[in-house]
Structures are given as structure tokens and as C-alpha cells.
Amino acid sequence: GEYPQNNASLLYLGLQYNPIKKMYITPSVSVGTTLTSLNPFAGESLNGTFWNYGVDIDYMTFLGPLKISVSHIGLINKNRLFLSFGYAF
């Protein structure tokens with residue numbers, strides 16, 4: 001159910017809050033534009049603007065970070081829930 005997109009511009013803003021030790025909450029919002037060309041200055045039209053928003057909740061466990069992310073993806077107009085545990089490498 002994902003929408004592949006090769007050419008996009010994106011602006012992201014997130015603010016991290018630390019309500020208790022080892023817990024982080026990060027609400028975020030982003031706005032993006034899909035492009036029809038690799039060169040956005042070539043005069044081609046833009047495909048559209050989309051807004052995304054969500055919140056991440058992170059908790060540092062003795063085995064590594066536990067992360068729950070809930071977001072709305074404007075490009076495909078769907079809500080997403082992600083869960084991850086441990087370090088990415």
C-alpha cells in the first residue's frame with residue numbers, strides 16, 4: 001500500500017519533548033511536493049502538494065530504543081502505525 005515517488009521536495013518540522021526520563025515524544029508535520037522532472041527549474045508542472053503529520057513515542061529500554069510512530073501520509077491519504085525495537089544498522 002505504499003506510493004513510490006522518485007522526485008519530491010519536503011520540509012519537515014518536529015519538536016521533541018522529554019516528559020520523563022528515558023521517554024521522548026516527538027510531534028511532527030511536513031509538507032511536500034512531487035515533481036515531474038529531476039530538474040524542478042525546467043518549467044514542468046508540479047504533480048501536487050501533500051501534508052503529513054504524526055507523533056513518535058520513544059522509550060529507551062536496557063535492550064535499546066522502543067519506538068511507536070503514528071502518522072497520516074497525505075500523499076496516499078492513509079494513516080500508518082509503525083513499531084520498532086532496537087538499533088538500526
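The values are calculated or read from the model by the stated rules, or taken from the named source; none is laboratory data. This is a predicted model, so every value here is computed, not measured. Cβ placement follows ideal geometry from the backbone for every residue including glycine, while neighbour counts extend to all protein chains displayed. Heavy atoms of the whole protein, side chains included, go into the accessibility calculation; ligands, DNA and RNA do not. Shrake-Rupley method; radii C 1.70, N 1.55, O 1.52, S 1.80 Å.
Taking every residue in the range 61-74 that is at positive phi and pairing it with any residue that is exposed (fewer than 13 other Cβ atoms within 10 Å of the Cβ) and at pLDDT 90 or above, at least 6 positions away or on another chain, the pairs with Cβ-Cβ distances below 9 Å are Gly64/Phe85. Out of the range 1-48, which residues are at pLDDT 70 or above, open to solvent by 80 Å² or more (accessible area, probe 1.4 Å), of a type outside the set (S, T, N, Q) and under 18 Å from the mean Cα position of the chain (by Cα)? Answer for the range 1-48, where residues must be at pLDDT 70 or above, open to solvent by 80 Å² or more (accessible area, probe 1.4 Å), of a type outside the set (S, T, N, Q) and under 18 Å from the mean Cα position of the chain (by Cα): Leu10, Leu11, Tyr12, Leu13, Leu15, Tyr17. Within the range 52-80, being under 12 Å from the mean Cα position of the chain (by Cα), open to solvent by 70 Å² or more (accessible area, probe 1.4 Å) and more than 18 Å from Leu15 (Cβ to Cβ) holds for one residue alone: Asn79.
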